[in-house]
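Visitor: Got a structure here, written out as structure tokens. Questions coming.
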Amino acid sequence: MALIELITEEVVKVPLISKGKQEIIKELLQLLHDSGHIEQIEVAYNDVLTREAQGSTGLEYGIAVPHAKTDAVKSLTIAMGISPAGVDFGALDGKPSQLFFLILSPPDQPGPHIEALAEIARLTRFKAFCNMVTAAVSAREVVEIFRME
Amino acid sequence: MNDPLKKIMVYIDGTEQSITAAQYAICLSRTANSRLTALYVVNTRALRDLVKSRIFLQAEQAEYQQDLEADADRYLNHVRQMARQKGVAIETFKTSGTVHTEIKNKINELEIDLLILGELSTIRSRRDEFYNESERAMRSAPCPVLIVKDEDRVWEMFEALT
């Protein structure tokens, strides 16, 4: 399934208000909970933190891709958020992360998980695209940027 | 005229659409008396890209590769069972690499006459055209390609095949 089919306004939050790594993850999970995509926030939270403990998913250029296999979802689930001020996510370049993609997938569906992450990896190579998304001021604008791309 | 459908190959990627494609391929194979092959490609190219982009750790790459291998075995086994249920002989292959390249290679190697793919995702951006693996397989296949749509109709056809 194409990434764009999963990125809808209800799973995009602009701006994120949290100031710390764990709070950002919780805020994105809350978004998924409020939009009816997950019920067990704590299960997903623990699975994401377990993955983060092995190595931060904060990449370069202000992008972070926290992800996990978790029983908290039945199919590939994505949330996105933008923190204009940036948050210390332990990124590779030491800079604050601003653009967050939270990816959750059930343990028995590795294919869609890999495809979604690969698509994000490709997208994040284009700095102009990332800058455009990061500068968005609403969830609607983020979705429109993805559809234009 | 030679039989244009001596060898049919269906691509399986673990999606519902690819299972529907397999059901159609089994029906067509029975009707046309074609040799049927099913292929699953473990997308190791994507795994390598994820390590390169630092989204994946090395350990994660190995873990997900194992998951994908198991996924391939599970789905190919399912397709074998479906074919057996309908009395159709099927040969299955699991390869790894870049999906559309592996599909193309297998078509050439086995001299496939027709590639059958599940319904493609909706193309909503230029990016999809470039990167969707089924889309790329359709465009790069060196043989005719058939895209299977209408899951309910195919299911009825498959169920009716005795």
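The values are calculated or read from the model by the stated rules, or taken from the named source; none is laboratory data. What you see is a predicted model; the values in this text were computed from it and never measured. Because the Cβ atoms are built from the backbone with ideal geometry, glycine has one as well, and the counts that use them run over all protein chains shown. The area values use the complete protein model at the heavy-atom level, side chains included, leaving out ligands, DNA and RNA. Shrake-Rupley method; radii C 1.70, N 1.55, O 1.52, S 1.80 Å.
Visitor: How many residues are under 13 Å from the mean Cα position of the chain (by Cα) and open to solvent by less than 40 Å² (accessible area, probe 1.4 Å) if we restrict to region B:72-97?
Guide: So the count comes out to 5.
Visitor: What are the pairs with Cβ atoms under 8 angstrom where one residue, in region B:14-33, is within 14 Å of chain A (Cβ to nearest Cβ) and the other, located anywhere, is open to solvent by less than 40 Å² (accessible area, probe 1.4 Å) and of a type in the set (Asp, Glu)? Sequence gap at least six, or different chains.
Guide: B:Gly14/B:Asp71
Visitor: When the residues of region A:109-128 are filtered to those that are within 8 Å of chain B (Cβ to nearest Cβ) and more than 28 Å from A:Gln40 (Cα to Cα), which remaining residue is most open to solvent (accessible area, probe 1.4 Å)?
Guide: A:Arg125
Visitor: Which number in (1) farther than 13 Å from B:Leu76 by Cα; (2) buried (at least 24 other Cβ atoms within 10 Å of the Cβ); (3) modelled with pLDDT under 95 marks the one condition that B:Met1 misses?
Guide: In the conditions (1) farther than 13 Å from B:Leu76 by Cα; (2) buried (at least 24 other Cβ atoms within 10 Å of the Cβ); (3) modelled with pLDDT under 95, B:Met1 misses (2) alone.
Visitor: Continuing with the same structure: Quick one: would you say A:Pro106 is more than 9 Å from chain B (Cβ to nearest Cβ), open to solvent by 60 Å² or more (accessible area, probe 1.4 Å) and not small (Gly, Ala, Ser)?
Guide: no
Visitor: Restricting region B:25-53 to residues that are at pLDDT below 95 and basic (Lys, Arg), which is surrounded by the fewest Cβ atoms within 10 Å (Cβ to Cβ)?
Guide: Only one residue tops the list, namely B:Lys52.
Visitor: From the residues in region A:48-66 that are assigned to a helix (DSSP H, G or I) and surrounded by fewer than 19 Cβ atoms within 10 Å (Cβ to Cβ), which one is nearest to the other protein chains (Cβ to nearest Cβ)?
Guide: A:Gln54
Visitor: Follow-up. Got a sec? Which helices (runs of 4 or more DSSP H) wholly within region B:87-162 have at least 3 residues that are away from chain A (no Cβ under 14 Å) and at pLDDT below 95?
Guide: Filter on region B:87-162 gives B:133-140.
Visitor: Report yes if A:Ala72 is open to solvent by less than 20 Å² (accessible area, probe 1.4 Å), more than 14 Å from the chain's Cα centre (by Cα) and away from chain B (no Cβ under 14 Å), otherwise no.
Guide: When the stated conditions are applied, A:Ala72 passes them.
Visitor: Inspect all residues belonging to region B:37-57 and state whether any of them is part of a helix (DSSP H, G or I), within 28 Å of A:Ile4 (Cβ to Cβ) and β-branched (Val, Ile, Thr).
Guide: For region B:37-57, residues part of a helix (DSSP H, G or I), within 28 Å of A:Ile4 (Cβ to Cβ) and β-branched (Val, Ile, Thr): present.
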